[in-house]
There are 2 protein chains.
Amino acid sequence: MTLPQGPVAVVGLGLIGGSLARALVRAGIDVVGWDPDPRTMVAAEAAGVRAVESIEEACTAQPWLIVLAVPLVVVEQTARAVALAVSPGAVITDVGSVKGPVRDAMVAAGLATQFVGAHPMAGTEHSGFHASHPDLLVGVRWAVTLDDTTPLDGFCSVVELLVEVLAGTVHPLSDSAHDEAAALISHVPHVVATELLNIVAHSSIRDVAVGLAAGSFRDGTRVARTDPARTEAMIVENAGWVAPALLLAARDLERLAQDLESNAPTGWFFSRGDALRSGGADLGSQALRTMVLRADDRWQSDLASWGARGGRITGIGEASSLVVEDPQV
Amino acid sequence: MTLPQGPVAVVGLGLIGGSLARALVRAGIDVVGWDPDPRTMVAAEAAGVRAVESIEEACTAQPWLIVLAVPLVVVEQTARAVALAVSPGAVITDVGSVKGPVRDAMVAAGLATQFVGAHPMAGTEHSGFHASHPDLLVGVRWAVTLDDTTPLDGFCSVVELLVEVLAGTVHPLSDSAHDEAAALISHVPHVVATELLNIVAHSSIRDVAVGLAAGSFRDGTRVARTDPARTEAMIVENAGWVAPALLLAARDLERLAQDLESNAPTGWFFSRGDALRSGGADLGSQALRTMVLRADDRWQSDLASWGARGGRITGIGEASSLVVEDPQV
């Protein structure tokens with residue numbers, strides 16, 4: 001396949017949007033970019049991005065793809081601005097760490113049938129265009145989310161950009177599967193790391209604890225040392241999936257504490273994760289095969305179900321054919 | 001000062017005992033060693049340790065220091081065996097990760113006035129003499145614990161060995177201050193890392209989560225991927241301090257979950273650890289001074305209180321004088 005004609009428009013040139021724009025420019029792709037911050041625009045232009053003065057101008061540059069790389073709190077208003085100027089053939093994607101609320105914003109703006117959700121599993125503790133780098137999003141895992149309104153051609157074009165231009169791997173998922181997984185592997189870990197820091201900070205032996213702290217504590221609290229307001233925003237955005245996981249964790253920790261206090265057996269707690277320790281659930285290498293997507297009324301749910309079992313897309317061929325690795329059994 | 005005459009006896013030549021023995025041999029110190037495993041004895045002898053055939057023989061080799069580097073479950077029986085053969089002038093220390101139970105064993109064996117507790121803040125996920133290394137315990141932080149029965153000369157000799165021979169830093173603490181700090185910076189982090197793995201292992205979207213997992217999850221669960229039985233033993237040994245900290249964490253996580261579910265403010269949770277984020281509680285470099293210990297009836301509690309505020313010993317001079325860094329204020 002070849003990518004559709006026209007530039008890629010990146011709306012929002014922070015850490016992720018800026019890194020994406022830089023990587024695309026380096027790959028020889030025409031990138032139109034906009035950011036509300038004038039200094040960011042100057043820096044982006046120096047990095048080869050074609051600067052435009054508004055979201056409307058980005059849309060009327062006839063991009064085949066518009067990437068919304070803005071904070072989640074402004075996704076809804078950004079989607080409305082895009083809807084006013086976008087051509088019906090353009091594909092819209094995003095890079096948000098929570099997918100359900102982004103789709104809601106797209107539906108509200110009337111953009112659902114042009115939308116393909118995306119979330120790169122990469123980042124740093126920094127933010128802003130000055131922290132962006134053309135390598136940040138190269139070779140990483142992407143969740144690409146779909147529902148029964150997702151356009152087939154748009155999906156394939158986004159996948160092609162991610163796997164061919166950015167050397168990434170694509171995990172096709174429903175929004176809810178993504179958001180639940182993100183709660184477990186990112187949001188809950190951020191919360192418990194924050195709590196590890198909290199209980200030391202409020203302990204009467206804080207100075208001893210900090211003085212003695214070795215590797216396990218530093219590793220366990222690394223992600224909590226970044227901006228707590230940013231962590232809070234991320235957690236609140238995915239509250240629906242994070243809250244039940246936290247309740248589960250709280251119940252387990254309480255039961256363990258009670259068993260420790262009463263000298264009851266505690267093996268139930270320590271051996272429960274053995275399935276992951278053995279590495280059996282980790283994704284090893286797997287034979288590649290070709291999967292051809294057909295524009296029937298089930299391709300989106302079939303693909304998302306396959307992705308939920310661990311399937312991933314590593315390449316793309318002619319006419320909606322994907323190169324895939326099947327789930328491990 | 002100079003170290004007392006005679007060899008150092010190391011009882012138990014696993015990861016920590018073996019690494020200590022190797023470091024002392026490298027420093028030119030005569031090391032007598034014993035381990036119940038015959039293959040370990042052969043390997044230790046090849047590494048320059050003077051092998052003896054029993055704990056009794058180790059004690060009668062006239063060591064100035066006997067280091068108990070055995071698992072906590074056999075500390076009590078080992079202490080009894082040492083008590084049968086040790087000379088009254090020898091100093092006894094250990095390397096256990098929990099100090100209260102070790103002191104109890106020493107008191108029960110009648111060895112309290114010869115005992116100086118020690119715990120190196122180092123280790124790896126491996127175990128056994130074959131995993132030991134002469135550098136493992138070089139330049140690390142040690143908690144050295146004392147109570148009002150701790151001998152002054154013995155304390156100073158142990159500190160001298162740790163700071164002069166092993167280039168370590170010594171944090172003098174009460175057993176309870178150590179054990180509470182260890183709960184917060186090591187045992188509770190191990191528990192929550194285990195729980196992060198548990199909830200993913202038992203999730204319906206396990207394969208998605210494992211497939212997408214990036215840095216924060218891998219860092220947060222690193223210490224949970226080692227032998228869970230060893231983690232469990234460590235937690236159970238310090239149950240008295242771990243259980244209340246887990247209850248505190250469980251309560252905080254539950255309250256956060258409830259606030260997330262009801263759209264209540266959550267800033268109370270995310271900003272609570274700011275004192276540690278700013279780095280204000282971290283130990284920077286501090287002017288060194290000399291502290292002379294006097295054999296009055298308060299030196300142990302004074303020193304432990306000073307250590308509890310963050311004081312640490314970095315060197316040793318003549319006649320019970322320590323080179324110290326005072327707590328940061």
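Before moving on, here are some points about what is shown:
- Tail weight of P(r) past 26 Å, computed on alpha-carbon pairs of the stretch A:8-138, percent: 13
- Rounded tilt (10° steps) of A:15-26 against the dominant C-alpha axis of chain A: 40
- Positive minus negative residues near A:Val223 (Lys, Arg vs Asp, Glu; Cβ under 15 Å): +1
- Rg in Å to one decimal, and Dmax rounded to a whole Å, for chain B via C-alpha atoms: 21.7, 69
- Scanning chain A for GluC sites (Glu not before Pro) in DSSP loops with at most 14 neighbouring Cβ atoms within 10 Å leaves A:126-317 as the longest stretch between them.
- Across the copies of the chain, A:Ala229 has label points (7 Å from Cα along Cα→Cβ) spaced 5.0 nm apart, shortest distance listed first.
- Dimensions of the protein assembly as shown from C-alpha coordinates, computed as largest minus smallest value along each principal axis and given longest first, are 91, 50, 45 Å.
- Fraction of beta bridges assigned by DSSP in the protein assembly as shown that are antiparallel (%, nearest 5): 40
- Using only Cα coordinates, the Kirkwood hydrodynamic radius of the stretch B:93-219 works out to 17.0 Å.
- Residue among A:Val49, B:Leu322, B:Leu146 farthest towards the positive dipole end of the protein assembly as shown, charges placed on Cβ: A:Val49
- Considering only the stretch A:8-138, percent of DSSP beta bridges that pair antiparallel, nearest 5: 0
- Sequence-distant contacts, meaning Cα pairs under 8 Å at least 6 residues apart, place the relative contact order of chain B at 16 percent.
- Mean ellipticity per residue at 222 nm, deg cm²/dmol - from DSSP H runs of n ≥ 4 across chain B, formula -39500 (n - 2.57): -12500 deg cm²/dmol
- Shielding by partners for peptide B:260-270, expressed as the average number of C-beta atoms from other protein chains within 10 Å of each residue's C-beta, is 5.
- Near B:Val70: Cβ cut-off under 11 Å, other residues only, Lys/Arg at +1 and Asp/Glu at -1. The net charge is -3.
- The distance from the alpha carbon centre of the stretch A:83-144 to that of the stretch A:176-253 is 25 Å, rounded to a whole number.
- Normalised by the number of residues in the stretch B:144-266, the average gap of Cα pairs under 8 Å and 6 or more apart makes the relative contact order 25 percent.
- With contacts taken as Cα pairs under 8 Å at a separation of at least 6 residues, the stretch A:8-138 carries a relative contact order of 33 percent.
- Per-residue mean of foreign Cβ neighbours for A:172-181 is 3 (Cβ atoms of other chains, 10 Å radius).
- Within chain B, DSSP assigns beta bridges of which about 40% are antiparallel (rounded to the nearest 5).
- Label-point spacing for B:Pro38 across the identical copies (point 7 Å from Cα in the Cβ direction), in nm and ascending order: 8.4.
- Test item: A:134-145 mean partner chain Cβ contacts at 10 Å: 1
- Summary for B:Ala214: label point 7 Å along Cα→Cβ; distances to the equivalent points in the other copies, ascending, 3.1 nm.
- When the Cα positions of A:Ala79, A:His171, A:Gln62 are compared along the charge dipole of the protein assembly as shown, A:Gln62 comes out farthest toward the positive end, with charges on each C-beta of Lys, Arg, Asp and Glu.
- Degrees separating the helix B:188-201 axis from the principal Cα axis of chain B, which is the longest one: 40
- Nearest-ten-degree value, helix B:299-308 long axis tilted from longest Cα axis of chain B: 30
Values quoted throughout were computed directly from the atomic coordinates according to the rules given, and no laboratory measurement underlies them. Please read all numbers here as calculations on a predicted model, not as lab measurements. Please note: Cβ atoms are built from the backbone with ideal geometry, for glycine as well, and neighbour counts cover all protein chains shown.
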